[in-house]
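Notes for the one structure printed next.
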Amino acid sequence: MAIGAGAAPRIAGQALGVKGVFAAVLGNGFEFFDFTVYATFLGMIGKAFFPSDNPLVSDLAAAATFGVGFVARPLGGALIGAYGDRAGRRPAMTLSIGLMAIACAMITLTPGYATIGVFAPIVLISARLLQGFSVGGEIGPATMFLLEAAPENRRMFFSSWQIASQNLGAVAGGLLGFLLALALTQSSFNAWGWRIPFALGVLIAPVGAYIRSRLVETLDGGARKESRSGRAILSNVLQSNWTGLLLGLALISGGTITQYFLLNMTPYAIRTLHLPDSTAMLGTVTLGIAGGAGALAGGLLADRWGIRAIAFAPRVLLMLALFPVMQFLAAHAAGATLIAAIAILTLLHSASSAVGLMLIPLVFPPAVRATGLSLAYSLGVAIFGGTATYVVTWLVGVTGDPLASTYYVMAANVVMLLAILAVPRADYGAAAWPPPLGGEV
């Protein structure tokens with residue numbers, strides 16, 4: 001079936017196999033491995049860089065630094081996203097993964113507050129800013145590469161690997177944390193063990209850069225000529241398509257807050273439910289496995305039943321299940337109930353989010369889709385994800401109610417559901433993506 005007018009044509013003979021999918025999602029998985037590791041080891045990082053007699057103060061300081069990384073996301077989304085629309089998807093993806101490696105090295109090698117004083121949190125904050133910049137620009141070019149290169153009848157399944165890769169990054173981070181918790185003493189774990197995942201992250205980047213450099217470019221020469229300068233691309237998104245940007249922010253809100261609510265389940269299990277560290281780390285592994293499975297299932301279903309239906313239905317089921325599941329977990333705190341609760345909520349959340357992400361390009365013209373997606377995603381995650389860990393930690397700590405954060409999650413998901421209904425032409429099947437008329441709102 002022919003792609004709608006104005007969309008970038010597929011390259012003759014192009015095929016997106018296992019290697020192409022792996023290359024496209026490696027950066028996203030690597031970057032979310034890093035972000036997941038930071039959230040998982042929040043308490044250890046707080047003690048190393050923000051020591052305090054009150055554990056809650058250290059946790060909140062580390063959580064605030066976690067949020068600092070989100071400040072740079074919109075800038076990365078704008079600049080790297082526009083670079084992807086102007087120069088191509090491949091160079092933009094290679095740039096983002098290289099910057100992430102530099103940031104990981106900074107966190108790995110920087111001594112704690114006890115050694116270099118105030119310089120320790122300064123370097124940590126700088127690393128978080130660089131991480132946020134690279135993540136902000138990764139999602140648009142990589143997602144558009146998958147959509148443009150995938151077979152017409154499997155676009156949602158191939159593209160759902162973006163969200164699946166994030167969850168596989170969580171599996172790697174959680175499994176590594178579990179093994180470290182078993183292998184190291186508590187003092188070693190707190191002192192230096194938490195740095196090991198960041199060091200491993202540095203080693204992944206050269207592999208990713210090499211594989212990505214050998215990808216076939218999916219942005220054709222005509223589209224690159226049409227996009228012109230980065231300034232023209234940003235002007236198109238911010239001035240001519242600002243309503244699409246607002247709709248993209250609403251689409252991101254529920255999924256982002258829910259994702260970081262689920263990521264916070266590990267420190268929640270340790271601090272509030274008083275479960276052992278090793279048991280809590282299994283919750284992170286469960287999050288990754290269930291998230292990957294849910295995302296791929298959502299993609300498969302969307303190829304069959306349409307994008308809007310699969311973005312909407314699992315989100316409604318998630319809202320219906322949230323309170324009963326969390327109440328049962330609080331009343332019966334144990335490893336088995338923690339794993340079951342995370343699995344149920346994550347399967348529903350990921351099935352919806354994997355497809356919901358693909359609604360955002362529908363509201364932008366073809367020449368600026370990587371920029372529009374990157375900017376909407378990075379702004380949404382900066383606003384909602386950058387504050388989610390802090391808000392969730394603060395709500396539980398201040399109220400003493402282990403269910404306090406669920407009210408925040410529910411409100412965000414209502415906003416997302418309304419946005420899903422508002423996206424035009426979202427009932428198109430994956431084979432007809434992108435729709436005619438270029439997707440203008």
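The values are calculated or read from the model by the stated rules, or taken from the named source; none is laboratory data. Keep in mind it's a predicted model, so treat the numbers as computed, not measured. In this analysis, Cβ positions are derived from the backbone assuming ideal geometry, glycine residues included, and neighbour counts consider all displayed protein chains. When the accessible area is computed, the model is the full protein with side chains, heavy atoms only, and any ligands, DNA or RNA have been set aside. Shrake-Rupley method; radii C 1.70, N 1.55, O 1.52, S 1.80 Å.
Do the conditions hold for residue 278, that is, is it touching a residue at least 40 places away in the same chain (Cβ under 8 Å), among the polar types (S, T, N, Q) and closer than 24 Å to residue 150 by Cα? Criteria not met by residue 278. Residue count for segment 375-404, restricted to those that are under 14 Å from residue 256 (Cα atoms) and in contact (Cβ under 8 Å) with a residue 24 or more places away in the chain: 16.
Out of curiosity, is residue 237 open to solvent by 50 Å² or more (accessible area, probe 1.4 Å) and among the β-branched types (Val, Ile, Thr)? For residue 237, the condition - open to solvent by 50 Å² or more (accessible area, probe 1.4 Å) and among the β-branched types (Val, Ile, Thr) - is not met.
If you go through segment 81-105 one residue at a time, how many are farther than 30 Å from residue 236 by Cα and open to solvent by less than 60 Å² (accessible area, probe 1.4 Å)?
Qualifying residue count, segment 81-105: 4.
In summary, residue 40 fulfils each of the numbered conditions (1) hydroxyl-bearing (Ser, Thr, Tyr); (2) within 26 Å of residue 197 (Cα to Cα); (3) at pLDDT 75 or above with the single exception of condition (3).
Across segment 151-173, the qualifying residues are those that are at pLDDT 85 or above and among the hydrophobic types (A, V, I, L, M, F, W, C), and the one among them that is nearest to residue 307 (Cα to Cα) is 156. Annotation note: of 152, 148, the sole residue that is of a type in the set (Asp, Glu) and out of contact with any helix residue (DSSP H, G or I) (no Cβ under 6 Å at 6 or more places or on another chain) is 148. Candidates are the residues of segment 242-288 that are outside any helix (DSSP H, G or I) and more than 19 Å from the chain's Cα centre (by Cα); the one that is modelled with the lowest pLDDT is 272.
Table: residues versus (1) part of a helix (DSSP H, G or I); (2) among the polar types (S, T, N, Q).
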{"position": "82", "(1), (2)": "yes, no"}
{"position": "96", "(1), (2)": "yes, yes"}
{"position": "100", "(1), (2)": "yes, no"}
{"position": "104", "(1), (2)": "yes, no"}
{"position": "107", "(1), (2)": "yes, no"}
{"position": "111", "(1), (2)": "no, no"}
{"position": "121", "(1), (2)": "yes, no"}
{"position": "124", "(1), (2)": "yes, no"}
{"position": "127", "(1), (2)": "yes, no"}
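Checking the structure you have, find out if any residue of segment 333-343 is assigned to a helix (DSSP H, G or I) and within 19 Å of the chain's Cα centre (by Cα). The answer is yes, given that some residue of segment 333-343 is assigned to a helix (DSSP H, G or I) and within 19 Å of the chain's Cα centre (by Cα).
The residue pairs whose first member lies in segment 297-313 and is among the charged types (D, E, K, R), whose second member is outside any helix (DSSP H, G or I) and buried (at least 20 other Cβ atoms within 10 Å of the Cβ), and whose beta carbons are closer than 9 Å, counting only pairs six or more residues apart or on different chains, are 308/423; 308/426. Scanning segment 358-388 for residues that are open to solvent by 10 Å² or more (accessible area, probe 1.4 Å), of a type in the set (Gly, Ala, Ser) and over 14 Å from the mean Cα position of the chain (by Cα) yields a single hit, 367.
Take segment 120-135 and flag every residue that is β-branched (Val, Ile, Thr) and either without any contact (Cβ under 8 Å) to a residue 60 or more places away in the chain or touching an Asp or Glu at 6+ places or on another chain (Cβ under 8 Å) (or both). Residues satisfying the conditions are 122, 123, 135.
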